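S.K.: One structure coming up, written as structure tokens, with questions to follow.
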Amino acid sequence: MQFSRNRKMKATRLAGDQRAGIYPHSIQFYLQPPLENISLAEFETFAVERLKLLKTIENLGVTYVKGSQQYKDKLEGELKKLSFPYRPQRSSEQEYDIRKKDHISHFILRLAYCQTEELRRWFIQQEMDLFRFRFNELLQENIKDFLHFNNLKYDTISNDVKMELQEKLINSTYGLSQPKLEEQDVYKVPFQAALDLVRAKKVFVKAGFAFIPHQEIVTIVLNDFRTKLSKALAVPVPSCLNI
């Protein structure tokens, strides 16, 4: 990422397909650092607004129950106000700019929050809460696309298999009823990728695979996000600064 002190940067203009290929989803794992040019003014604005967003997430988590309607309404309002993505939108130049801001601002704060263990823990927790909120706003088809885009091979089982395993799935998953099961996908995930859910006895396990209803798949994806972000922040500071 490069920035200029003296000249105003023009917004990137890309054809629709090319733009969609850079940021195909409203959420991401932030695996690749940004390569675009930005101005010093944009750098400062992105940093301040991302920090404000993460501070808001921290405060909302203290004031409200995470995942409650009040929590979601307040967080959605803050995301809108600060122009960060919060749910899938139709491809547009404005949406591209919002996703670009999300990408770049995340890496700017990595610059500051990779310095100490305490700072890393705080940053990871707020980013996880933000990711969880956004992921839960995705439609099922968006989730499938996101998983495959990030090489998370969590395939859904067929309706016939779901009906065959219906009783075991309902008995194994807290809060899952037959009507709820009928309206949501069930993912077949390698056992080792679902250890937290298995330990908590929240999923049905068979032949080395965990069968995870849609309402629980966020736990698996969030663990993967945390692992990747923790590893990225654990590199030596000089490498962390090289964005």
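The values are calculated or read from the model by the stated rules, or taken from the named source; none is laboratory data. Quick caveat: nothing in here was measured; it's all calculated off a predicted structure. In this analysis, Cβ positions are derived from the backbone assuming ideal geometry, glycine residues included, and neighbour counts consider all displayed protein chains. The area values use the complete protein model at the heavy-atom level, side chains included, leaving out ligands, DNA and RNA. Shrake-Rupley method; radii C 1.70, N 1.55, O 1.52, S 1.80 Å.
S.K.: Work out which helices of the chain, taken as complete DSSP H runs, extend at least 27 Å along their axis over the Cα atoms and score a mean Kyte-Doolittle of -1.0 or more, then list them.
M.R.: 40-63, 93-113
S.K.: Can you tell me which of Ser230, Ser158, Ser105 moves the most in a GNM of the chain? Springs connect C-alpha atoms under 10 Å apart.
M.R.: Fluctuation is largest for Ser158.
S.K.: May I ask you to derive the FRET efficiency for Ser68 and Ile170 from their Cβ-Cβ distance with R0 = 25 Å, giving the value to the nearest 0.05?
M.R.: Calculated value: 0.50.
S.K.: May I pose another question? Tell me, how many Å apart are the Cα centres for region 29-79 and for region 173-197?
M.R.: That distance is 29 Å.
S.K.: Run the 1.4 Å probe and let me know the accessible area of His103, rounded to the nearest 10 Å².
M.R.: 20 Å²
S.K.: Among Lys80/Lys201; Lys55/Lys231; Lys162/Lys202; Lys74/Lys188; Lys55/Lys144; Lys66/Lys144, which pairs are too far apart, with a Cα-Cα distance over 27 Å?
M.R.: Distance filter (> 27 Å) returns Lys80/Lys201; Lys74/Lys188; Lys55/Lys144.
S.K.: Can you bin the chain into rounded, prolate or oblate? Criterion: square roots of the alpha carbon gyration tensor eigenvalues sorted a ≥ b ≥ c, rounded for a/c under 1.5, prolate for a/b above b/c, oblate for the rest.
M.R.: Prolate shape, in that a/c is at least 1.5 and a/b is the bigger ratio.
S.K.: Right, something else. Write down the accessible area per residue of the chain in Å², having rolled a 1.4 Å probe over the full set of protein chains.
M.R.: 55 Å²
S.K.: Using DSSP, restrict attention to beta bridges with both residues in the chain and report what percent are antiparallel, rounded to the nearest 5.
M.R.: Taking every DSSP beta bridge with both residues in the chain, the antiparallel ones total about 75 percent.
S.K.: About the Cα centre, and with charges only on the beta carbon of Lys, Arg (+1) and Asp, Glu (-1), how big is the dipole of the chain? Nearest 20 debye, please.
M.R.: 600 debye
S.K.: Relative contact order for the chain: what is it in percent, counting Cα pairs under 8 Å that are at least 6 residues apart?
M.R.: 20 percent
S.K.: Further question on the same structure: Suppose the chain between Gln94 and Phe191 were pulled fully straight at 0.36 nm per residue; how much longer would it get relative to their current alpha carbon spacing?
M.R.: Gain in length upon complete extension: 30.9 nm.
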